[in-house]
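The values are calculated or read from the model by the stated rules, or taken from the named source; none is laboratory data. Note that the structure is a prediction, hence the values are computed from the model and not measured. All Cβ positions, glycine included, derive from the backbone under ideal geometry; neighbour counts span all protein chains shown.
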Amino acid sequence: MDFLRRLVRGRRDGVALFVDGPNVLREEFDVDLDDVRAAAAASGRVVAARLYLNEDAPPALVRAAEAHGYEVITTSGDVDVKLAVDVAEFVLRNRVATVAIASRDTDFKPSLELASREGVRTLAIAPGSYGRSDALRTTADESVTLGE
């Protein structure tokens with residue numbers, strides 16, 4: 001029985017999705033949050049979907065994201081730092097099979113590397129081919145470019 005408990009506790013399941021709002025929700029990319037979720041869902045059941053925004057984000061955007069099932073995290077500081085710390089905490093505390101980061105920012109390369117070291121699959125989701133981060137694409141186990 002103890003062996004089964006350890007086996008089940010060690011089992012990883014689902015996808016945790018982290019979206020870098022300022023770098024993904026830009027006019028030039030015309031990204032739909034449902035498309036971002038669908039890209040993550042192709043790797044498994046999405047068990048967490050978080051959208052990171054700065055404190056100046058329009059309230060209508062926050063409401064729309066929440067209506068689409070995203071947990072919206074707003075910060076007065078650097079969105080990148082908050083997202084990266086949350087990814088690290090999530091990887092170390094939760095048992096997910098995959099971490100998906102939607103961004104075009106190479107700052108998240110260490111987050112993907114940490115996840116890989118912890119045995120978590122990684123997915124990089126780019127908002128479009130323009131501005132796609134080659135560093136994220138090559139670091140992640142899998143990469144998707146929206147609109148392709």
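Of note:
- Candidates THR145, THR98: the one that is at pLDDT 95 or above, under 22 Å from ASP34 (Cβ atoms) and not aliphatic (A, V, I, L, M) is THR98.
- VAL46 being over 22 Å from ASP141 (Cα atoms) and surrounded by 16 or more Cβ atoms within 10 Å (Cβ to Cβ): no
- Remark: pairs (first residue in segment 109-120, assigned to a loop (DSSP other than H, G, I, E, B); second residue not hydroxyl-bearing (Ser, Thr, Tyr); Cβ separation under 8 Å; 6+ apart in sequence or on different chains) = GLU118/VAL91; GLU118/LEU92; GLY119/ARG12; VAL120/ARG12; VAL120/VAL91; VAL120/VAL96; VAL120/ALA97; VAL120/VAL99.
- Test set (1) crowded, with 16+ Cβ neighbours inside 10 Å; (2) farther than 20 Å from ARG12 by Cα - PRO58 fails condition number: (1)
- Some residue of segment 107-118 being in contact with a Gly (Cβ under 6 Å, 6 or more places away or on another chain) and on the phi < 0 side of the Ramachandran plot: no
- Taking the listed residues VAL46, VAL31, the one that is farther than 18 Å from ARG132 by Cβ and touching a Leu at 6+ places or on another chain (Cβ under 8 Å) is VAL46, with no other qualifying.
- Segment 13-40, subset among the charged types (D, E, K, R) and in a loop (DSSP other than H, G, I, E, B), residue surrounded by the fewest Cβ atoms within 10 Å (Cβ to Cβ): GLU27
- Matching entry among SER103, SER116, SER111, SER129 (being farther than 15 Å from ALA49 by Cα, crowded, with 23+ Cβ neighbours inside 10 Å and either polar (S, T, N, Q) or in contact with a Cys (Cβ under 9 Å, 6 or more places away or on another chain) (or both)): SER111
- Test: VAL85 is on the phi < 0 side of the Ramachandran plot, of a type in the set (Val, Ile, Thr) and surrounded by fewer than 18 Cβ atoms within 10 Å (Cβ to Cβ): yes
- Hits in segment 41-77 (condition: of a type in the set (Asp, Glu) and either in contact (Cβ under 8 Å) with a residue 60 or more places away in the chain or in a loop (DSSP other than H, G, I, E, B) (or both)): GLU55, ASP56
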